[in-house]
Amino acid sequence: MTRRIHAIPWALSGGSLLLLAAAPPSAPEARFTDVTDAVGIDFKHENSPTSSKYLVETMGGGVGLADFTGSGNLDIFLLNGGETPGGKSAEVLRNALYRTLGNGKFEDVAAEARVDKLTNYGMGVAIADFDNDGLLDLLFVNGNVYPEVEKLFAEYPYKNPRLVLRNTGRGRF
């Protein structure tokens, strides 16, 4: 289906041009259906909330999409938060690595890949072949990664190093 956008140019003072665009009146309504359980994804992001309301509690963990297995399909890595000082999550916090099965379904292989129980406070993930061996590796950005903050606030509770996990090519990092 080809969608056409109708544009109306308007000349403004000073030689500027304002372009108003509108979707055709018969544009279909977007509909989304939650298929999380049906495709095999069982992940809950936790932030280990405290009454102190630390800044890291407000941020998500991160997600990485890449073909870790060489199957030609995207796998999903979900990075969780972490335990905060004084906080205690209801469940043990874990990351998830979902390998695509190629039929629209996924299986969690994080424990097998040894990426499920990292103890840092996960803030983000980057995926690249850091060692040029042809395999995609993982870079985790964790908690406080700025030395400037540590110098100013020694009590800042999220001093975590960056972490690079090398892909061994056998489904493990």
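The values are calculated or read from the model by the stated rules, or taken from the named source; none is laboratory data. Source: prediction; values computed, not measured. Note that each Cβ is placed from the backbone with ideal geometry, even for glycine, and that neighbours are counted across all protein chains shown. Areas reflect the complete protein model, heavy atoms only, side chains present, ligands, DNA and RNA absent. Shrake-Rupley method; radii C 1.70, N 1.55, O 1.52, S 1.80 Å.
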- Note on the structure: Within the under-10-Å Cβ sphere about Phe106, not counting Phe106, Lys/Arg +1 and Asp/Glu -1 give a net charge of -2
- Message: Counting only other residues whose beta carbon sits under 11 Å from that of Val39, what net charge do I get with K and R as +1, D and E as -1?
- Response: -3
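Could you tally the net charge around Ala90, taking each other residue with its Cβ under 10 Å from the Cβ of Ala90, Lys/Arg +1 and Asp/Glu -1? Spell out each step's value before the answer.
On the way: positive: Lys44, Lys88; negative: Glu46, Glu91.
For residues surrounding Ala90, the net value is 0.
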- Probe 1.4 Å, accessible area per residue of region 32-106, Å²: 59 Å²
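Packing-wise, with mean Cβ within 10 Å as the measure, how do 44-53, 104-113 rank, highest first?
Sorting 44-53, 104-113 by mean packing, highest first, produces 104-113, 44-53.
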